[in-house]
Amino acid sequence: MNNIVEFVQDTYKTKEFIPLHEPRFTGNEKKYLNECIDSTFVSSVGKFVDEFEKKIADFTGAKYAIATTNGTSALHISLLLADVQKDDEVITQPLTFIATCNAISYCNAKPVFVDVDLDTLGLSPSSLEKFLDENCEIKESRCINKTTGKTIKACVPMHTFGHPCRIDEIKDICEKWHIVLVEDAAESLGSYYKGRHTGTFAKLAAISFNGNKIITSGGGGCIITDDEELAKKAKHITTTAKVPHRWEYTHDMIGYNYRLPNLNAALLVAQLEQLELFLQNKRELAKEYEEFFTNIADITFIKEPQQSRSNYWLHAVLLKDRADRDEFLKFTNDNGVMTRPIWTLMNRLEMFKECQCTDLTNSIYLEDRVVNIPSSVRI
Ligand SMILES: *Cc1c(COP(=O)(O)O)cnc(C)c1O
C-alpha cells in the first residue's frame, strides 16, 4: 500500500497531509468579494445573486435557478413544491448523504429505501419498478403504498460522487406511477447523462455549493427547474413569502429565510468562471488514478457509468471486502493521505430504522467496500 501513498503524494506534489477535497480560489474570488463589500450589499439583495442564478441556469440548461442558503434547504423547498406533506412517503436510496433524508423529514414525510445499481452507485430503476409493482397501486391518480396505506409523493435519486444514475428510466417509471421526480444533484454540477445535465430531468433539482463540493460559496445551494410557476414559488417561499411592496411588510404564507447572501453569491460567481477548468482537472486525475489502480490487485477505481460524463467530484475505489477496506483506511490515514468510507446506509440510522426497504444487496455490498480518495483540483 506504500505505492498508493507515494502515488498520491506525487500527484499532489507534496509530502504534507493530503485532504480529501479542498476548495481552490484561483480566480476572481477576492475581487468580487471586495466589490460586494464596497457596494455594502452583502446580504439578501445584490447583483451577484441575480448574476449567479442566470449563470447556473445557462450552464445546466435549466430555464430557472433559485439560489438558496445550502443544498439541504434547496432539497427541502423542492420537496415542498412537489407537494410532499405530513405522512407522505418519499422513495430514495439508502446510500446517500444524510441531507437527502433530513430534507424528507423536514416535510414530516418518511423515506422508503430502494436499492442502488452497482455501476452507477445511484438509485436502481429495476429495484424501483419491482418495489412499485409488488407493493403499490394507483388510486385516484395517487401512488398508494399497500403496506402502509400512505401516498408515495416523490422519488429522490442521487448522483453519487457526481456519477449519473439511470435518470431517464427512473423518470419514466415515476411518470407511470404518478410520483414527482426530484433530483438530488448536490454532488453532480458538471455531470451529464446522455448529453444532458443532471438535475434537468426532474421537475425540480437541488445543487449544493458547500465547502467540499466541486465549486463553493462557503455554504450555498440552488434549485433548478424548467417550470416558471415553480420557479416563482421557489423564490417566494425561500424569501420569507413577502408580498412585494416598496414599504409594506406582508407575507401570504409561512415562508423560509433560505436566500443566499450576496457575499456568498460573489464567491460563487468567481468559482463558476473556473468550473470548466476544475472539471477538466478532475477528469485528468481520474484517468491517472484509473491507470494506476489497473496494476493494483484487489482495488478497482470506480469509473463513470456508461452513457454519462461524470464531474468526478469525489474519486472512489472499490476494495475486496470490509476487512481490506478497514486496512486501507488505516494505512492511508496513518500516512498522511486522507481517505474516507462511503456513508453508513441511511436505514441503519436510529431515525430511519423503521423505514421500509427493498432488498438492499447492492447498497450493502458498496457500503462495505467503497472508499473515497483525495480528489482536490491540482494546481
Ligand atoms: C452535500 C449534499 C447535500 C446537501 O448540501 P449542503 O449544501 O451541505 O446542505 C445534499 N445531498 C447530498 C447527496 C450531498 O452530498
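FYI, it's all coordinate maths here, none of it is from the lab. This structure is a prediction, so every number in the text was calculated from the model and none was measured. Cβ placement follows ideal geometry from the backbone for every residue including glycine, while neighbour counts extend to all protein chains displayed.
Some points to look at:
- Prolate/oblate/rounded call for the chain, Cα gyration tensor, a/c under 1.5 rounded: oblate
- For segment 130-266: relative contact order, % (alpha-carbon pairs under 8 angstrom, 6 or more apart): 14
- Cβ crowding within 10 Å ranks Cys222, Cys165, Cys136, Cys357 as Cys357, Cys136, Cys165, Cys222, fewest other Cβ atoms first.
- If R0 is taken as 30 Å, the Cβ-Cβ distance between Thr240 and Ile98 corresponds to a FRET efficiency of 0.70.
- Long-range amide H partners of Ala241 with built H, under 5 Å: Tyr256
- Sorted ascending by nearby beta carbons within 10 Å, beginning with the fewest, Arg246, Arg259 become Arg246, Arg259.
- Measuring nothing but how far apart in sequence close Cα pairs (under 8 Å, 6+ apart) lie, relative to its length, segment 62-153 scores a relative contact order of 25 percent.
- Cross-link table Lys15/Lys213; Lys150/Lys353; Lys330/Lys353; Lys30/Lys63; Lys282/Lys320, entries beyond 22 Å C-alpha to C-alpha: Lys15/Lys213; Lys330/Lys353; Lys30/Lys63; Lys282/Lys320
- Ellipticity estimate at 222 nm from DSSP helix runs (n ≥ 4, -39,500 (n - 2.57)) divided over the chain, nearest 500: -11500 deg cm²/dmol
- Mean Cβ count within 10 Å, highest first, over the residues of peptides 113-122, 294-303: 113-122, 294-303
- Segment 29-274 - percent relative contact order, Cα under 8 Å, separation 6 or more: 27
- FRET E, pair Glu248, Gln85, Förster distance 25 Å, beta-carbon r, rounded to 0.05: 0.25
- Between segment 56-130 and segment 196-221, the Cα center-to-center distance that results, in Å: 12
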